[in-house]
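J.: This is the structure, below, for whatever I ask next.
The values are calculated or read from the model by the stated rules, or taken from the named source; none is laboratory data. Predicted model, so just to flag it, every value in this text is computed and none were measured. Virtual Cβ from ideal backbone geometry, glycine too; neighbours counted across all protein chains shown. Side chains included, ligands, DNA and RNA excluded: accessible areas come from the protein's heavy atoms. Shrake-Rupley method; radii C 1.70, N 1.55, O 1.52, S 1.80 Å.
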Amino acid sequence: MTAKQNGQVLEKSPGYKRVMKWLKSSGKKPFGFQSEAWQYYAEGYSGLVNAPTGFGKTFSIFLAVVIDELSKTEPKKTKPGIRLIWITPLRSLAKDLARAMQEALTGLGMNWTVGVRNGDTTANEKLKQKRQMPEVLIITPESMHVLLAQKNTSGYFGQLQCIVADEWHELIGSKRGVMAELAISRIRGLVLAAHPERLLRIWGISATIGNMEQALEVLVPYDDVLKTIVRADVEKKIQIKSILPDHIEMLPWAGHLGLKLAEKLLPIIYGSKTTLIFTNTRGQAELWYQTLLARDENLAGQLAIHHGSIDHELRNWIEDAIHTGILKAVVCTSSLDLGVDFKPVDTVVQIGSPKGVARFLQRAGRSGHSPYETSKIYFLPTHALELVEAAAIKEAARTQNIESREPVVMSFDVLIQYLVTLAVGDGFNADQIFSEVKQTFAYRELLPEEWSWIMQFITTGGDSLTAYNEFNKVVLSDNLWKVESRQTALRHRLHIGTIVSDAMVKVKYISGGFVGMVEESFISRMKQGTSFTLAGRVLEFVMIKDMVVLVRKSKQKQALSPSWMGGRISLTSNLGAVLRQKYNETLYKQHEDEELDMILPLFQRQAQVSHVPKDDEFLVELIRTRDGYHLFAYPFEGRQVHEIMASLLAYRIGRIKPITFSIAMNDYGFELLSEQPIPLDEKEMKTHIKQLLSPENLAEDIVASINATEMARRKFRDIACIAGLVFQGYPGKYIANKHLQSSAALFFNVFSDYDKHNLLLRQAYDEAFYQQIEEPRLAAALHRIQASSVVIVETDRYTPLCFPIKVDSLRDNMSSEELSQRIARMTSETEKKNARRKNEH
């Protein structure tokens, strides 16, 4: 019998009647998927709820728990303690969720309290929670592990009924998702050990992703649990509109267009109640905030900026100001991507391509948050070719061609950190924890000998570190593995988590008051008197004192924008495939996209001087300029894949004849540049290119073509920090990034020389291969190229397609002024050659 057929059982329960009465009093009624989720919950199921933004996904599970509690026949007085753990990936979600849940509980006359626990929770609040836990605890994955690192935590979960992972699609593809899996496995183990009869339910809430079934399997991997996916049978209307330039430049480059379109953004801001303006990086957010204020001074006081490096008190104020409608617009990053229900927001703007369909739809959902309201999103291109991406995103959104999120597996660094966390807390029984860990999706392939290695590593430091006492962290005491050193426990608790960034330093006015955080590597290049922007303010650097950057307000208009790590996002394979299709449609006018109409002259120019590749073609341009001999190729697979493909091609050409290349790439293609002619067989060039890009011997040639060891070494820095090999310092006294890097490099060398079977070393190479190199995606791209017809064009000038790659290659070595002059010269030379060619014809 399905949940829908069995609905009458739920409808007779007193809890359901009370909730329905409360909903009716505020003029609401549940959606079909909410009632379905309530019914499944009542029947003991765990599962995943998939519904569009604004349709009450939160209440689909939260009210299921409430209905269950209100339907119990026991006396009213129940023991205090957590009934519901609500895991959320973002701190900005927690406050909003707590407010909505507390309002519902008050309306229903329940005396439950809702508590929040994350990095922003005050010590006072944590102390209060320790004395008496709230019935509903909203918590981040990191804070769950911090909770498990406390003594006597098992008592917290005596009344627990349900664990919910909110925005599960956001957690699943990262090590934070693995942290959530491990914490759930431990809490489930504690609950079932104390109450074997208890039915602990595990639910997730997720936006649409390409692998929903797998997402459920990762969250609820237990064979003895009933599980289901509840899909909302409702459609969210999304209106996607591009902000088009007045004319298209024939030689585009990244960034040439964006700020010129700022004027066109102002009427959109003034025509809306509240607008969220999304950028892909924090540096870009700071730049756009300053640009909009410079264009219209009336926005002062009505425009704010929000990203993860801004002081949390200021972030909270901005979030409250969005709720109350005080602000006209907020420039933000992914810090406001998820779930926050801002009623006044009726418009969203995406600056530059989001590089993926799921991310774009997620951001679109921030507007028109109520059911049946249309989400309105504008796409503002930062260069002309992004107009094709806009058309591709519209197409992918219409056909629901949404990316999958691949779950992270066999992260030994996270497992090592987790075991030390348990040892810092109440201690653990190795056999029991091995059994729990083996049941998680992330570690179901874990072998007994790998477990033995990990146990040896946390107790003695493994084969190569046995002589050093600081790595003998965990000892056997009363049949439990524990950390007995107070210093080891303190240092461990300080760095629980998997997000390893460059050391962050606080920025504070010399007169008092925090502004936010910047990365130490950015500040280390500063001279006294240099101005930079943060939190939308122009600040003058005074000095660093006790790892705090002291600043004063600057009188300058122009200033440096901080760069944060993790800047550039790569194009997803789904979007790349639709993009290739759109290139076909543009030239042959087989479409109804205004963006493609706008960019048609640029494609006609590309066709005149070179070729526009169809989706079953692979274009290679060979160009001779004063810089040397260029080979440009266009797989449309994203910058990460192109970086490796370019290195692979350079290596294989170098085997024919020794030759040195410099490499550049963007999301559409890559460049090889040499001072010597490129040794390609002119008669059989097409066949030769295919042979050079063959998927045969791929793994060996990748390792030979790139410095795989160096890539693994870079990955190892984060792994070493997560696994607790490298101590990152005490609050306010963080260890400089270069010292962390050198400490991690030292361990990497020791393990490479003396401990070949070290699992952390193996993980570094695996992460380099599958995350950095994306070997499976590279292999798929090479197979596609083998099935395509190769088109080779030889020319003496830059083409519209190769120009942005060329400009990107110059950007890192030139000031913005030098770059502008060089672009002007290259444009002028190319235009002269085009004019000469026209006259000749």
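J.: Name the single residue, out of those in region 565-583 being crowded, with 18+ Cβ neighbours inside 10 Å and either closer than 21 Å to Asp808 by Cα or among the β-branched types (Val, Ile, Thr) (or both), that is modelled with the lowest pLDDT.
T.: Result: Ile569.
J.: Something else about it: What is the residue count in region 229-246 for residues that are open to solvent by 20 Å² or more (accessible area, probe 1.4 Å) and over 13 Å from Pro52 (Cβ atoms)?
T.: Residues flagged as open to solvent by 20 Å² or more (accessible area, probe 1.4 Å) and over 13 Å from Pro52 (Cβ atoms) within region 229-246 amount to 6.
J.: Scan region 207-226 residue by residue and report those that are over 18 Å from Phe33 (Cβ atoms), of a type outside the set (A, V, I, L, M, F, W, C) and either free of Cβ contacts under 8 Å to residues at least 12 places away in the same chain or not in a loop (DSSP other than H, G, I, E, B) (or both).
T.: Once the filter is applied, which keeps residues that are over 18 Å from Phe33 (Cβ atoms), of a type outside the set (A, V, I, L, M, F, W, C) and either free of Cβ contacts under 8 Å to residues at least 12 places away in the same chain or not in a loop (DSSP other than H, G, I, E, B) (or both), region 207-226 yields Gln214, Glu217, Asp223, Asp224.
J.: Could you identify the single residue in Leu265, Leu276, Leu303 that is more than 29 Å from Asp808 (Cβ to Cβ) and not charged (D, E, K, R)? Can you show your working first?
T.: Details: Leu265 fails: more than 29 Å from Asp808 (Cβ to Cβ); Leu276 fails: more than 29 Å from Asp808 (Cβ to Cβ).
Of the residues listed, the single one that is more than 29 Å from Asp808 (Cβ to Cβ) and not charged (D, E, K, R) is Leu303.
J.: Say whether the condition of being more than 33 Å from the chain's Cα centre (by Cα), in a strand (DSSP E or B), under 14 Å from Glu794 (Cβ atoms) and touching a residue at least 40 places away in the same chain (Cβ under 8 Å) is met by at least one residue in region 610-620.
T.: Filtering region 610-620 for residues more than 33 Å from the chain's Cα centre (by Cα) gives 610-611.
Narrowing the set further to residues that are in a strand (DSSP E or B) leaves none.
No, region 610-620 contains no residue that is more than 33 Å from the chain's Cα centre (by Cα), in a strand (DSSP E or B), under 14 Å from Glu794 (Cβ atoms) and touching a residue at least 40 places away in the same chain (Cβ under 8 Å).
J.: If you take the residues in region 342-365 that are open to solvent by 10 Å² or more (accessible area, probe 1.4 Å) and assigned to a loop (DSSP other than H, G, I, E, B), which one is farthest from Thr275 (Cα to Cα)? Let's see the steps before the verdict.
T.: Just the residues of region 342-365 that are open to solvent by 10 Å² or more (accessible area, probe 1.4 Å), to begin with: 343-344, 346, 355, 358-359, 361-362.
Okay, now just the ones that are also assigned to a loop (DSSP other than H, G, I, E, B), so 343-344, 355.
Working: Lys343: 11, Pro344: 9, Lys355: 21 Å.
My answer is Lys355.
J.: Mind checking whether some residue in region 631-654 is touching a residue at least 24 places away in the same chain (Cβ under 8 Å), part of a strand (DSSP E or B) and open to solvent by 30 Å² or more (accessible area, probe 1.4 Å)?
T.: Kept after step one, since they are touching a residue at least 24 places away in the same chain (Cβ under 8 Å), are these residues of region 631-654: 631-653.
Going one step further and asking which of them are part of a strand (DSSP E or B), we end up with 631-633.
When the remaining residues are screened for being open to solvent by 30 Å² or more (accessible area, probe 1.4 Å), the result is none.
There is no residue in region 631-654 that is touching a residue at least 24 places away in the same chain (Cβ under 8 Å), part of a strand (DSSP E or B) and open to solvent by 30 Å² or more (accessible area, probe 1.4 Å).
J.: If you check Leu419, Leu387, Leu446, which single one turns out to be touching a Leu at 6+ places or on another chain (Cβ under 9 Å), part of a helix (DSSP H, G or I), more than 18 Å from Ala358 (Cβ to Cβ) and among the hydrophobic types (A, V, I, L, M, F, W, C)?
T.: Details: Leu419 fails: touching a Leu at 6+ places or on another chain (Cβ under 9 Å); Leu446 fails: part of a helix (DSSP H, G or I).
It is Leu387.
J.: With a cut-off of at least 1 residues that are under 18 Å from His369 (Cβ atoms), name the helices (runs of 4 or more DSSP H) lying wholly within region 30-147.
T.: Working: elements: 32-42, 57-70, 91-107, 123-131.
Once the helices (runs of 4 or more DSSP H) in region 30-147 are filtered for at least 1 residues that are under 18 Å from His369 (Cβ atoms), what remains is 32-42, 57-70, 91-107.
J.: Inspect region 390-401 for any residue being more than 21 Å from the chain's Cα centre (by Cα) and free of Cβ contacts under 8 Å to residues at least 12 places away in the same chain and give the result as yes or no.
T.: Yes, because at least one residue in region 390-401 is more than 21 Å from the chain's Cα centre (by Cα) and free of Cβ contacts under 8 Å to residues at least 12 places away in the same chain.
J.: Still on this structure, please answer the following. Residues in region 266-286: is at least one part of a helix (DSSP H, G or I), touching a Leu at 6+ places or on another chain (Cβ under 7 Å) and not acidic (Asp, Glu)?
T.: Scanning region 266-286, I find no residue that is part of a helix (DSSP H, G or I), touching a Leu at 6+ places or on another chain (Cβ under 7 Å) and not acidic (Asp, Glu), so the answer is no.
J.: Of all residues being within 15 Å of Tyr222 (Cβ to Cβ), free of Cβ contacts under 8 Å to residues at least 40 places away in the same chain and not in a helix (DSSP H, G or I) in region 179-200, which is least open to solvent (accessible area, probe 1.4 Å)? Just the residue, please.
T.: Arg198
J.: Then there's this: Can you confirm whether Gly356 is among the small types (Gly, Ala, Ser), in contact with a Ser or Thr (Cβ under 7 Å, 6 or more places away or on another chain) and under 19 Å from Ala51 (Cβ atoms)? Give the steps one after another, and end with the answer.
T.: Values: among the small types (Gly, Ala, Ser): yes; in contact with a Ser or Thr (Cβ under 7 Å, 6 or more places away or on another chain): yes; under 19 Å from Ala51 (Cβ atoms): no.
It is false that Gly356 is among the small types (Gly, Ala, Ser), in contact with a Ser or Thr (Cβ under 7 Å, 6 or more places away or on another chain) and under 19 Å from Ala51 (Cβ atoms).
J.: Could you tell me how many of the residues in region 442-462 are open to solvent by less than 30 Å² (accessible area, probe 1.4 Å) and within 31 Å of the chain's Cα centre (by Cα)?
T.: 8
J.: Lys151: within 18 Å of the chain's Cα centre (by Cα) and in contact (Cβ under 8 Å) with a residue 24 or more places away in the chain, yes or no?
T.: Numbers: within 18 Å of the chain's Cα centre (by Cα): no; in contact (Cβ under 8 Å) with a residue 24 or more places away in the chain: yes.
Here the answer is no, as Lys151 does not meet what is asked.
J.: Can you tell me which residue within region 543-564, out of those that are β-branched (Val, Ile, Thr) and crowded, with 19+ Cβ neighbours inside 10 Å, is modelled with the highest pLDDT?
T.: If we filter region 543-564 for residues that are β-branched (Val, Ile, Thr), which is where we start, we get 544, 548-549, 551.
Narrowing the set further to residues that are crowded, with 19+ Cβ neighbours inside 10 Å leaves 549, 551.
On the way: Val549: 88, Val551: 91.
It comes out as Val551.
J.: Here is a list: Phe434, Phe441. Which entry is part of a loop (DSSP other than H, G, I, E, B) and of a type in the set (Phe, Trp, Tyr)?
T.: Details: Phe434 fails: part of a loop (DSSP other than H, G, I, E, B).
Every option except Phe441 fails the conditions.
J.: Kindly indicate which of Lys57, Lys29, Lys24 is surrounded by fewer than 22 Cβ atoms within 10 Å (Cβ to Cβ), out of contact with any Leu (no Cβ under 7 Å at 6 or more places or on another chain) and either modelled with pLDDT of 95 or more or not aromatic (Phe, Trp, Tyr) (or both). Talk me through it step by step, then tell me what you get.
T.: Working: Lys57 fails: surrounded by fewer than 22 Cβ atoms within 10 Å (Cβ to Cβ); Lys29 fails: out of contact with any Leu (no Cβ under 7 Å at 6 or more places or on another chain).
The match here is Lys24.
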